[in-house]
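The values are calculated or read from the model by the stated rules, or taken from the named source; none is laboratory data. The model shown is predicted, which means the values in this text are computed figures rather than measured ones. FYI the Cβ positions are ideal-geometry reconstructions off the backbone, even for glycines, and counts take in every protein chain you see. Please note that ligands, DNA and RNA were not included when accessible areas were found on the heavy atoms of the full protein model with its side chains. Shrake-Rupley method; radii C 1.70, N 1.55, O 1.52, S 1.80 Å.
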Amino acid sequence: MKFTKMQGIGNDYVYVNCLEEEVKNPSEVAKKVSDRHFGIGSDGLILIKPSEKADFEMEMYNADGSQGAMCGNGIRCVAKYVYDYGLTDKTQVSVDTKSGIKYLDLTVRDGKAVEIKVNMGSPVLETEKIPMKYPQSPVISKPLNVEENIYEVTAVSMGNPHAVVFMEDIQNLDLEKVGPGFEKHMAFPESVNTEFVHVLDRNTVEMRVWERGSGETLACGTGACAVAVACVLNGYTQEQVTVKLLGGDLKIFWDRRDNLVYMTGPAEVVFDGEIQI
Ligand SMILES: N[C@H](CCC[C@H](N)C(=O)O)C(=O)O
């Protein structure tokens, strides 16, 4: 199987051009290629497929083989791949996903896409899903008991589920210990991606993420969008937010007039390869 390893601010996936390759059991392939010792090493597998509804289709699998509905860092890399590898000469590309068609604008320099802006669609506030101990007026964040510790959580969907937790110190957070308790919490029957956020100023936050199906990653594009929405709803930032992740920064803008979230960031090719799988 021919593949291209790519990364969006450190959120790295194995990409397969399914206009040329066939991947029979993508869930199993995702687990094998993601292994950082016995495989290629990645946060998961992303298939680039033809589409009747858009220019291309993105099918995404986490490292544990579970299928994700959307991947923000991944879709920027898909756009870069289809342009750089000559599948299209358009600098405005549409990509169908399990959470709908996304529209991307490519910035090209020396014939390569270097920055990609994605219309990530409209956020959905899902905090009401979290059971309240006492009935209160509708609130943006709700208490969630994780391993006997109470965390205030703002639940936002960007086509995939996110739980956003605000705290003063995320550097010393033991994510390996805390992350799984959120991921598998009964409040999220389809599991959840959890973002731990420290607000730096009205336009800047830093975050770490424990991703559903992949554990801690260096970045999460949909998560950064969910964080920006949660920051605005809780009154911490303005609608234009720079989200600083371990792997780099993403620029997020929530246009409240038409309720669309825009994410802008880089995408890089690491290497091309072939693997017997
Ligand atoms: N783990 C996520 C999919 C990958 C999302 C993330 N890598 C991004 O860039 O949005 C899920 O199962 O919903």
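Taking the conditions exactly as written (open to solvent by less than 40 Å² (accessible area, probe 1.4 Å) and either more than 13 Å from the ligand (Cβ to nearest atom) or modelled with pLDDT under 95 (or both)), does ASP105 satisfy them or not? Talk me through it step by step, then tell me what you get.
Values: open to solvent by less than 40 Å² (accessible area, probe 1.4 Å): no; either more than 13 Å from the ligand (Cβ to nearest atom) or modelled with pLDDT under 95 (or both): yes.
So ASP105 fails the test.
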Legend entry - Cross-chain or 6+ apart pairs with Cβ under 7 Å, region 188-202 first and farther than 11 Å from VAL164 by Cα, then part of a loop (DSSP other than H, G, I, E, B) and away from the ligand (no atom under 16 Å from the Cβ): VAL199/TYR236; VAL199/THR237; ARG202/THR237; ARG202/GLN238
Legend entry - Flag if PRO180 is within 16 Å of the ligand (Cβ to nearest atom), crowded, with 18+ Cβ neighbours inside 10 Å and either under 29 Å from ARG257 (Cβ atoms) or modelled with pLDDT of 95 or more (or both): no
Inset, instruction - Those residues that are of a type in the set (A, V, I, L, M, F, W, C) and away from the ligand (no atom under 11 Å from the Cβ), I need them from region 6-18; list them, please. - result: MET6, VAL14, VAL16, CYS18
Inset, instruction - Can you give me the number of residues within region 215-229 that are surrounded by fewer than 24 Cβ atoms within 10 Å (Cβ to Cβ) and either within 11 Å of the chain's Cα centre (by Cα) or closer than 19 Å to THR97 by Cα (or both)? - result: 1
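Each row is one residue, and each column tells you yes or no for (1) within 13 Å of the ligand (Cβ to nearest atom); (2) outside any strand (DSSP E or B).
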{"site": "GLU20", "(1), (2)": "no, yes"}
{"site": "GLU28", "(1), (2)": "no, yes"}
{"site": "MET58", "(1), (2)": "yes, no"}
{"site": "GLY74", "(1), (2)": "yes, yes"}
{"site": "VAL78", "(1), (2)": "yes, yes"}
Legend entry - Complete set of residues in region 60-72 that are in a helix (DSSP H, G or I) and on the phi > 0 side of the Ramachandran plot: none
Inset, instruction - Could you tell me which residue of region 81-99 is farthest from ASP35 (Cα to Cα), considering only residues that are open to solvent by 20 Å² or more (accessible area, probe 1.4 Å) and within 14 Å of the ligand (Cβ to nearest atom)? - result: SER99
Legend entry - Cross-chain or 6+ apart pairs with Cβ under 8 Å, region 155-179 first and closer than 20 Å to ASN62 by Cβ and of a type in the set (Gly, Ala, Ser), then open to solvent by 50 Å² or more (accessible area, probe 1.4 Å) and in a helix (DSSP H, G or I): ALA155/LYS129
